[in-house]
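*Asks:* Dropping a structure here in structure tokens format, bear with me for questions.
Read the figures in this text as sums done on the coordinates, not as results from a lab. Fair warning: this is a prediction, and the values are worked out from it, not measured in the lab. Neighbour counts run over all protein chains shown; Cβ positions are idealised from the backbone, glycine included.
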Amino acid sequence: MKKSLLPALSLLMISSLLGGCIPAKTEETIQSDKNTVEEEKLNEEVLQGKYVEHETENEPAANSMEQNDEESHAENQGEEDVVRQEKIVEGYVLEAEGNTITVDLENPEGRNYPEEGLDCGVEFDIANAEKEVIPTSGYSENRECKIKTGVTVSITYYEENGKNIVTKISTDNDEKEMIVYVSSGEIEEITDKTIKVHVREGDYSGESLVFDTSETSIPEEASVNSTVTVTYYLKENTYYALSFICSDL
């Protein structure tokens, strides 16, 4: 009976000794561990919050910059559209010098008098213009577009820095001459500067016209009731004679 108790007692003593070697967590240690975990969690949340806040603060700035860029581009595009807005006009070339032409936009046809349009000519830059010949009778595709004084042109252009920049110019190359009239009739009156003629044939037939003779000379044989043919042009209601031909029977 005593021998069987000894091993049991020995086993109990060994277990007690081993149990004493494993330190048991105290209540204080457990609480400390919990505080550490909560502190780490809190720090993580704070860091995440700051990151989100930083992103949120930067987002409006980024959006604002993007919006400003779009508005600036739209504004610049709008200004370019205004500058590049093309117009189409037709006129008579008063002068052509190098890449610059002066055009009368009020009357695109022949001149009614020699200086017509000179006081209101508009300059155009044709340096980079596409040139086109308008088909007419006898037209051939290899005809050269000749921009010169006396032709009527169709101009497509835009305004830039106060200049008229032509992108396309077209003409039929037909040089327009000054418009003149021819009338025949009897001389009714002669002065130093004028001749009055009752027109029987030609332009203004049936009317009595007074011709300014400042641009020509009066024939010596001209007299009242003699028949005369007058070539002339009209400017500001004045008939300027270019020539007289007497044809008395």
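*Asks:* For the range 175-184, what does the Karplus curve 6.51 cos²θ - 1.76 cosθ + 1.60, with θ = phi - 60°, yield as ³J(HN,Hα) per residue in whole Hz, taken in order and with x for Gly and Pro?
*Replies:* Rounded to whole hertz, the list is 7, 7, 8, 5, 6, 10, 10, 10, 9, 10.
*Asks:* First select every other residue whose beta carbon is under 14 angstrom from the beta carbon of GLU177; then total the charges, Lys and Arg +1, Asp and Glu -1.
*Replies:* Value of the local net charge: -1.
*Asks:* Follow-up. Grab the Cα-Cα distance for LYS163 and CYS120, subtract it from 0.36 nm times how many residues apart they are, and report the gain in nm with one decimal.
*Replies:* The span from LYS163 to CYS120 would gain 13.9 nm if fully extended.
*Asks:* Tell me the net charge near GLU207. Cut-off is 15 Å between Cβ atoms, GLU207 excluded, with +1 for each Lys or Arg and -1 for each Asp or Glu.
*Replies:* Taking every Cβ under 15 Å from that of GLU207, the sum is -3.
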